[in-house]
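Notes follow once the structure below has been shown.
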Amino acid sequence: MPEKFIAVLNGPNLNLLGTRQPLIYGSDTLADIERLCDATAGAYGIGIEHLQSNHEGELVEAVHRWRESALGFVVNAAAYTHTSVAIRDALATIEGPLMEVHISNVHAREAFRHHSYLSDLAAGVIVGCGIEGYRFAIERLVTLTGHRPKEA
Ligand code: DHK
């Protein structure tokens, strides 16, 4: 594990990005997200721990694993955003800031996507910016945790 790292958690069905409803989620893949996050954080000398899971308990356990050691968390809990008190309760214990990300603009979609169990815990929420939202979220965590670019 890198000395300093941000945890990036992706929830159910995000492993299908690229082929899943591209009109809503675009054509970028989960691997593209991971590369973008690695490059964004790497410019500050910060690593990324990635986890994508289709299982609520695995996401909870990843929060437990990194809750004290991560500089911060970027979380797209996908459908669990709208249902999971368990993931919320885990994220309420993290030491660093939380950024919530959604690829699509959930507020322009079905009403059940308008409520998030995570937003009031988050330092910021980014929706509808495609996978760029992950980059914005990491940049924000870098600012919030007082990091500066590595000297050239
Ligand atoms: C991803 C999902 O899988 C949905 O369940 C959420 C989110 C929205 C996204 O836009 O990244 O409602």
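Do any GluC sites (Glu not before Pro) in the stretch 1-73 lie in a DSSP loop with no more than 15 other beta carbon atoms within 10 Å, and if so, which? For GluC sites (Glu not before Pro) across the stretch 1-73 that sit outside H, G, I, E and B with at most 15 neighbouring Cβ atoms in 10 Å, the list reads E3, E68. If you filter the stretch 120-152 for GluC sites (Glu not before Pro), then keep DSSP loop positions with at most 15 other Cβ within 10 Å, what is left? Taking the stretch 120-152 and a limit of 15 other Cβ atoms within 10 Å, the loop GluC sites (Glu not before Pro) found are E151.
Against the chain, whose longest principal axis is taken from its Cα atoms, helix 132-144 shows a tilt of about 40°.
Once you reduce the stretch 29-59 and the stretch 74-143 to the center of their Cα atoms, the two points are 14 Å from each other. Measuring how big the stretch 5-145 is from its alpha-carbon positions, Rg and Dmax come out at 13.6, 40 Å. Along the axis of the charge dipole computed for the chain (Cβ charges of +1 for Lys and Arg, -1 for Asp and Glu, origin at the Cα centre), the listed residues L121, F136, N54 are led at the positive end by F136. Between the residues A108, Q21, F73, the greatest Cα displacement towards the positive end of the dipole of the chain, with unit charges on the Cβ of Lys, Arg, Asp and Glu, is found for A108.
Can you tell me how the stretch 32-110 classifies by the Cα gyration tensor, rounded, prolate or oblate, using a/c under 1.5 as the rounded cut? In terms of gyration-tensor shape, oblate.
Coordinate-derived values only; no laboratory data. Since the structure is predicted, the reported quantities are computational estimates derived from the model, not experimental observations. Cβ coordinates were reconstructed from backbone atoms using ideal geometry, including for glycine residues, and neighbour counts include every protein chain displayed.
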